[in-house]
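See below for the structure under consideration.
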Amino acid sequence: MDIDIIELSKNSAKFVLTGTNPAFANGIRRAMIADVPTLAIEYVNLNDNTSVLYDEQLGLRLALVPLTMDSDYIPQADCNCAGNGCPHCEVSLRLDVEGPKMVYSGDFISADPKVLPADEKIPLVELKDGQRVMLEAIAHVGYGRDHVRWQAGVACGYKHIPSVTAEACPKCANTTMEVPQEAVLMANAVENITEKDELKCTQCGHVRHIFELNNPALKVTHNSHSFVFSVESDGSYSSKELVLKSADIIKGRALEFSNILKDL
């Protein structure tokens, strides 16, 4: 199995995974979306809210503010406090703001400096003169499979690497054309199609009507063992950490399953 990095930034990545099968590729995708643990606001203790938003509306907005993840925190179900709440399974964030101003996620004051909003510029509510929001938010560790607030991977997907062959059009003899969105440059020689062009190909089919079905000049197939991954993190992890964490989860489950089979 090989990985070739195409793009890599703090919150997004694109890479080619080769030498595996669709089951493993989909397992990585699902793990990034549903199985990587994150911290998110679950409960809100409101002391004062004279903003235009109802308490429930404000609580829903706060729940979707991504928080940076610290591995020292564990899910409440695994904590020795039996769900009562302790420094190992929950963290408190306070918000006390008066108008007139726009309240941003960066206005939170966290009890743990390692747990902060991943983006300080997320607008929460606009306060007019005399309005105030004062609250305590309690964040817990959870999984995306339980609620979207804990979904670390916000846009994770993959596609097969296409293999494109093209010849001159049998009707008009044109040798050069483009798929919409400049996906792949079609020419009369395969070597004119670069690897970069093939990675962009979406097999959209918009140009297939130009060719005779019984004598196709354009053929798009795929490699069933190579995948182009696109990953975007909500900021709780970097894109690199998100991919590595999902791989560790797959590995851990495989080992657990192997141990179960040995005991049978």
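Every read-out reported here was derived from the displayed coordinates using simple, explicitly stated rules and does not represent laboratory data. Computed from a predicted structure; not experimentally measured. As a convention, Cβ positions derive from the backbone with ideal geometry for all residues, glycine included, and neighbour counts pool all protein chains shown.
Before moving on, here are some points about what is shown:
- Cα centroid separation, region 29-53 to region 103-136: 13 Å.
- Each Lys and Arg adds +1 at its Cβ and each Asp and Glu adds -1 at its Cβ; summed about the Cα centre, region 38-149 shows a dipole of about 200 debye.
- Additional length obtainable on full extension of the chain from Arg132 to Asp119, 0.36 nm per residue less Cα span: 2.5 nm
- Cleavage-rule hits (chymotrypsin sites (Phe, Trp or Tyr not before Pro)) in region 1-71: DSSP loop, at most 15 neighbouring Cβ within 10 angstrom: Tyr54
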